[in-house]
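One structure is given here, and the rest of the page talks about it.
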Amino acid sequence: MADFYRRAFGCLEVACPPGGISLRLGEEALSLQQAATPGRADFRGNETGFQHFAIAVSDMRLALDRLSAAAGWTPISLAGPEMLPPASGGVTAFKFRDPEGHPLELLQGQPGAMRQHWPSMAGGAPFLGIDHSAISVTDTARSAAFYGGLGFTVGRTQRNRGIEQARLDDLAGAEVDVTPLTGSGPPHLELLRYRHPAACPRPAIDGS
């Protein structure tokens, strides 16, 4: 897996803690930990087990060219990159899965909308850093209250819908409320609540 992330995105290995490998992409760190037992990674966007992180890119075409040269990944966005509706900020996005099925996203923002330090860090490479991580939830207010108690600031919820969102997620009629949470610094966390197809809650753990 570390080899894939190095080939696909130019990640640099910074440490090898017991049972894992730490990689760096821009100013962000990514930790790969070897699981003791196999588990699911192939959750769809409207399942509450779903979590992805998005990589900011300076040039979507160049980023896809490099990704295409790294074998083992599979697309989620079957129609290629999508320019999302204005509610999303007008970003272009492409979702896919790494060789073990973890969902990832490439994200290109409009000029002037990207974090200020990214252009100076690019050095000719299209992959700039980790923009955000996102998780699907069934109750945005309850989740926002939990993360608010951990020091996150809750932003304004936006609704992404339309054929572009459906093609991006490969979910017919996809309609999702996106609530950003910011902490002490980037990247930020996004809560995703799918209105259609509706999210199904996961079974309770230890009766909770």
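Structure summary
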| item | result |
| --- | --- |
| About the Cα centre, charge dipole magnitude for the chain (Lys/Arg +1, Asp/Glu -1 at Cβ), debye | 220 debye |
| Residue among Ala166, Ala71, Ala56 with the largest mean-square fluctuation in a Gaussian network model of the chain, springs linking Cα atoms under 10 Å | Ala71 |
| For the chain, share of DSSP beta bridges that run antiparallel, in % to the nearest 5 | 80 percent |
| In Hz, Karplus ³J(HN,Hα) per residue of region 30-44 (6.51, -1.76, 1.60; θ = phi - 60°; x = Gly, Pro) | 10, 10, 9, 10, 7, 6, 6, 9, x, x, 6, 10, 8, 5, 7 |
| Rounded D (µm²/s) - region 131-200, Kirkwood Rh over Cα pairs, Stokes-Einstein at 25 °C, 0.890 mPa s | 197 µm²/s |
| Whole-number Å³ per residue for the convex hull built on Cα positions in region 1-103 | 124 Å³ |
| Segment Arg61-Arg142, extension gain: residue separation times 0.36 nm, minus the distance between their alpha carbons | 25.3 nm |
| FRET efficiency for Arg156 and Glu27, using Cβ-Cβ distance with R0 set to 30 Å, rounded to 0.05 | 0.70 |
| Size of electric dipole in region 147-208: Cβ of Lys, Arg +1 and of Asp, Glu -1, about Cα centre, debye, nearest 20 | 180 debye |
| Per-residue [θ]222 nm for the chain (sum of -39500 (n - 2.57) over DSSP H runs n ≥ 4, rounded to 500) | -5000 deg cm²/dmol |
| Length gained when the stretch Ala172-Arg44 is fully extended (0.36 nm per residue, less Cα-Cα span) | 44.9 nm |
| Kirkwood Rh in Å, taken over all unlike Cα pairs in the chain | 17.9 Å |
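Readers should treat all values here as calculations from the given coordinates under stated rules, not as data from a laboratory. What you see is a predicted model, and the numbers here were worked out from it, not measured in a lab. Backbone-built Cβ (ideal geometry, glycine too); neighbour counts: all protein chains shown.
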